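Take a look at the structure set out below.
The values are calculated or read from the model by the stated rules, or taken from the named source; none is laboratory data. These numbers were taken from a predicted model, which means no experiment stands behind them. Glycine gets a Cβ as well: all are built from the backbone with ideal geometry, and neighbour counts include every protein chain shown.
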Amino acid sequence: MALPGTPGQRISDLCNGNHITQKQLAKKIGVSASQLSRIVSGETKTVSSDILIGVAKEFKVSTDYILGLSNISVRKSYDISELGLSEGAIKGLVTGTVDVQILNRLLEHKNFPKLMDLIRIYFQDTAAKGIIARNRLIELATVSLSDLMKEHPEHRAEAKQDLQLLNAQKMGEHEAEIVKIKNVFLAILRDIKKDMDNGEQPGETVTAAMFQTMQDALAEQKQEPLSMDDVTAMIAGQIGQILPIDEETSDQFQQLMKKIMGQANGLPNEE
């Protein structure tokens with residue numbers, strides 16, 4: 001059903017709302033000021049597709065809104081583009097190959113941003129540098145034990161046992177990250193399954209107005225990414241699962257890891 005008002009009136013309202021003159025708009029979309037003036041005044045009853053598309057692109061509105069076929073001014077494609085999703089991701093959503101309900105539940109979970117940060121660290125090899133440094137420290141210790149075994153054969157049995165224990169503490173470059181990612185992801189899945197079993201529904205579908213409100217609110221507060229302290233704590237936590245260590249030792253290890261990682265990234269040492 002057509003809405004009251006003419007395309008010319010809507011174009012005039014858009015100009016006023018965006019603080020742009022009709023002459024400026026005409027120049028931007030490549031038509032004469034007089035031609036646009038006739039449309040706005042209603043003297044010209046029809047609007048060519050070129051002008052219609054030009055105005056829609058300039059003000060980022062739908063052509064249906066200009067024609068009075070919809071009272072929603074923001075076009076869906078503009079909303080989607082603001083999310084920064086790739087073409088492949090959009091195709092998955094549009095064709096239904098991606099379950100939107102499950103995706104909504106994943107994105108809504110309070111720990112999903114944490115999961116994304118852990119995955120980013122994994123891709124950027126941030127924590128891997130700390131693991132490599134840790135393994136090097138273990139290798140230095142094993143060399144000392146090997147020398148001890150040669151110099152003092154009477155302690156060979158004890159040294160061999162300690163050597164095996166140290167070698168068991170070595171970790172793959174991404175082992176701690178993968179374990180952490182798996183644990184966080186599985187915890188999220190368990191929470192989602194519990195909600196589904198209890199009949200809880202995901203949040204309501206976002207409208208154009210809600211989307212704009214969220215953009216405005218989030219522009220003022222951005223979530224901080226995981227810090228170096230978070231990374232070293234993650235590594236220390238994984239070590240603690242293999243070989244229990246007290247709080248003081250854990251703190252000392254984290255300080256050492258921060259120093260090593262800082263040097264690897266060219267950061268100044270903290271005093």
Requested in this report: Out of Pro225, Pro202, report the one residue that is in a loop (DSSP other than H, G, I, E, B), at pLDDT 75 or above and surrounded by 11 or more Cβ atoms within 10 Å (Cβ to Cβ).
Outcome: Pro202
Report task. Could you please find all residues in the stretch 154-197 being outside any helix (DSSP H, G or I) and either at pLDDT 90 or above or of a type in the set (Asp, Glu) (or both)? Result -> Glu173
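Residue by residue, here is whether (1) at pLDDT 75 or above; (2) exposed (fewer than 13 other Cβ atoms within 10 Å of the Cβ); (3) not polar (S, T, N, Q) holds:
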{"residue": "Ser86", "(1), (2), (3)": "yes, yes, no"}
{"residue": "Ala89", "(1), (2), (3)": "yes, no, yes"}
{"residue": "Val94", "(1), (2), (3)": "no, yes, yes"}
{"residue": "Gln101", "(1), (2), (3)": "yes, yes, no"}
{"residue": "Lys110", "(1), (2), (3)": "yes, yes, yes"}
{"residue": "Arg120", "(1), (2), (3)": "yes, yes, yes"}
{"residue": "Asp125", "(1), (2), (3)": "no, no, yes"}
